[in-house]
Amino acid sequence: MELKTLSYLALGDSYTIGEGVEENERYPMQLVSRLNSLGGQYFFPPKIIAKTGWTVDELEAGIQAAETSAEGYDLVTLLIGVNNQYRGRPVADYEKDFEAMLQRAIAFARGNQEHVVVLSIPDWGVTGFAKARNTDQVKVASEIDAYNGAKKAICDKYEVRFIDITEEYRQIGGQEEMMAVDRLHPSGLVYTRWTEKLLEEVKKINF
């Protein structure tokens, strides 16, 4: 039987490009590796459009500058928003920007929202970087919650899968082995946990 070949587009920021970790530790790479180990189908290496520091509008500019497949993609993941919060932008602005970006992601998935998976924004306030700067962790947490609430509501509206990675990250994100060298970004161990959550959702998709 011939293997079904599938394509995957990962949209995001530092968390998607895996700032501070090896390429094979990025969650899009780990996800493809896990999916391919299941057999029956083969995912090509993911197309990643993501850069450390990107806000939603900068991701949009990045997409426009990138070469994307005119045929669309079988799977699209989206994790964006932490830099909007970090820069102190209002949730109302994020709602508008994120909804447009989610529509973009659905279009990349050939209009099939079933093939789009969104991840919540992690709470960077728990990291060593934040603690060293005496960051107001309560303020960051409440803002991240507001952003994620808006994000989930928009995903619900479009019937798009939404994975909460925030709560678990709050428990583990400040542990030494869970941080990259910069003590701000996650280590590969964290991305493995996100991969597990993604895998469970992607396995439900009928490609």
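Can you tell me which residues in segment 82-95 are touching a helix residue (DSSP H, G or I) at 6+ places or on another chain (Cβ under 6 Å) and open to solvent by 20 Å² or more (accessible area, probe 1.4 Å)? Working first, answer last.
Going through segment 82-95, the residues touching a helix residue (DSSP H, G or I) at 6+ places or on another chain (Cβ under 6 Å) turn out to be 84-85, 91, 94-95.
Of everything in segment 82-95, those that are touching a helix residue (DSSP H, G or I) at 6+ places or on another chain (Cβ under 6 Å) and open to solvent by 20 Å² or more (accessible area, probe 1.4 Å) turn out to be V91, E95.
Just name the residue that is farthest from E196 (Cα to Cα) out of those in segment 20-61 that are surrounded by fewer than 19 Cβ atoms within 10 Å (Cβ to Cβ) and in contact with a His (Cβ under 9 Å, 6 or more places away or on another chain).
First, pick out the residues of segment 20-61 that are surrounded by fewer than 19 Cβ atoms within 10 Å (Cβ to Cβ): 20, 22-24, 33-34, 36-42, 44-45, 47, 51-53, 57-58, 60-61.
Keeping just the survivors that are in contact with a His (Cβ under 9 Å, 6 or more places away or on another chain) gives 20, 52.
Working: G20: 20, T52: 23 Å.
Only one residue tops the list, namely T52.
As an exercise: evaluate M178 against (1) open to solvent by 20 Å² or more (accessible area, probe 1.4 Å); (2) in contact with a helix residue (DSSP H, G or I) (Cβ under 6 Å, 6 or more places away or on another chain) and give the number of the one condition it does not meet.
Looking at each condition in turn, M178 falls short on (1).
I'd like the full set of residues that are at pLDDT 95 or above and either open to solvent by 60 Å² or more (accessible area, probe 1.4 Å) or over 15 Å from the mean Cα position of the chain (by Cα) (or both), limited to segment 1-19. Before the answer, list the steps.
So in segment 1-19, the residues at pLDDT 95 or above come out as 5-19.
If the condition is that a residue be at pLDDT 95 or above and either open to solvent by 60 Å² or more (accessible area, probe 1.4 Å) or over 15 Å from the mean Cα position of the chain (by Cα) (or both), then T5, L6, S7, E19 are the ones that fit.
Please report, ordered by residue number, the strands (runs of 3 or more DSSP E) entirely within segment 38-81 with at least 1 residues that are within 20 Å of I163 (Cα to Cα) and touching a helix residue (DSSP H, G or I) at 6+ places or on another chain (Cβ under 6 Å).
Values: elements: 41-43, 47-50, 75-79.
Strands (runs of 3 or more DSSP E) meeting the threshold: 47-50, 75-79.
The values are calculated or read from the model by the stated rules, or taken from the named source; none is laboratory data. Keep in mind that what you see is a predicted model, and the values were worked out from it rather than measured. In this analysis, Cβ positions are derived from the backbone assuming ideal geometry, glycine residues included, and neighbour counts consider all displayed protein chains. For the accessible areas, the whole protein counts, side chains as well, though only heavy atoms, and no ligand, DNA or RNA atoms are used. Shrake-Rupley method; radii C 1.70, N 1.55, O 1.52, S 1.80 Å.
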